[in-house]
Amino acid sequence: MASSIVHLAITNELTKRISFTDINRLKFGAIVVDAGVGGNITGDSHLKVKVMDGKKKTYDFDRYRELFGDRMLSDDLYLGYYLHLVQDALYRQFVYGRYNWNPTIPGNVERLHKDYAIVNHYVVNKYDLKNDIVVPAGFESEDLNQITAFDTVRLMDNLEKFFRPVEEETVFFFTKEMSDEYIAEAVEYCTREVEKIRRGEPGIDMLEYAWGHAGAQK
């Protein structure tokens, strides 16, 4: 799904539109999802679940809201985590539905990850990102650990690498223009999502963002 740098760019833009209590916890929540290593209740930090008689998968937003709906209103760590899942659902439709990404072709996933490395530096500069993320004190005792265990040491090591500039090359698929397009759309959607959550209204529909085999959106 989207790189940690892109998630941070979306989060950075959201802080310009919406008031948050603790931006540091918000930012950490926005990236710690990708540090899940399995175990505990679900074993899947993204809360993926099969639906439609097992024919499709989706992100279990209902389960997350059931577990942490109240916490999202009072603790930005839990809101940031939720918004990461929302952004991944949007990204999946963006790359698979709009741009017809095919991960089943040998080498395509590796090429996409190389694109991320190239585009990350552009995103860092354009959205004025700083590598100022810190692991919240006592994170290992947070209720988020009910979902899965997290390797925060690896997360912080990877984040440091993501902020490093790399040699400019021609990208294979995910361009700078695509990153801007996706970030802008995700910011708009997440702004509305936060407003709905805070008003007590239903959030994103997990079935609307379900996908079929090999990530297909059709």
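Excluding same-chain neighbours fewer than eight residues apart, the lysines reachable from LYS56 by a Cα-Cα span under 23 Å are LYS48, LYS218. Cross-link pairs exceeding 28 Å between alpha carbons, from the set LYS130/LYS176; LYS57/LYS196; LYS27/LYS176; LYS16/LYS50; LYS27/LYS161; LYS126/LYS161: LYS16/LYS50.
Think of each Lys and Arg Cβ as +1 and each Asp and Glu Cβ as -1; about the Cα centre, that makes the dipole of region 62-175 roughly 460 debye. Volume per residue of the convex hull around the Cα atoms, evaluated for region 86-218, comes out as 163 Å³.
Once the convex hull of all Cα atoms in region 4-205 is built, its volume per residue stands at 132 Å³.
In the chain, Cα pairs under 8 Å separated by at least six residues give a relative contact order of 35 percent.
Please work out the C-alpha center-to-center distance from region 76-91 to region 103-148 and express it in whole Å. Value for the Cα centre distance between the two parts: 13 Å. Shape call for region 66-105 from the C-alpha gyration tensor, a ≥ b ≥ c root eigenvalues: rounded (a/c under 1.5), prolate (a/b greater than b/c) or oblate? Prolate, because a/c is 1.5 or more and a/b exceeds b/c.
Return the loop-located trypsin sites (Lys or Arg not before Pro) in region 19-72 (DSSP other than H, G, I, E, B) with at most 12 other Cβ atoms within 10 Å of their own Cβ; answer none if there are none.
The qualifying sites are LYS55.
Charging the Cβ of each Asp and Glu at -1 and of each Lys and Arg at +1, and nothing else, the dipole of the chain about its Cα centre rounds to 440 debye. Given a Förster distance of 22 Å, report the FRET efficiency between LYS55 and ASN100 from their Cβ-Cβ distance, rounded to the nearest 0.05. FRET efficiency, LYS55 to ASN100: 0.60. In the elastic network of the chain, a GNM with C-alpha springs shorter than 10 Å, the most mobile of ALA149, ALA30, ALA186 is ALA149.
Since every read-out is calculated from the coordinates, none of them should be taken as a lab result. Remember, predicted model here, so these are calculated numbers, not experimental data. Neighbour counts run over all protein chains shown; Cβ positions are idealised from the backbone, glycine included.
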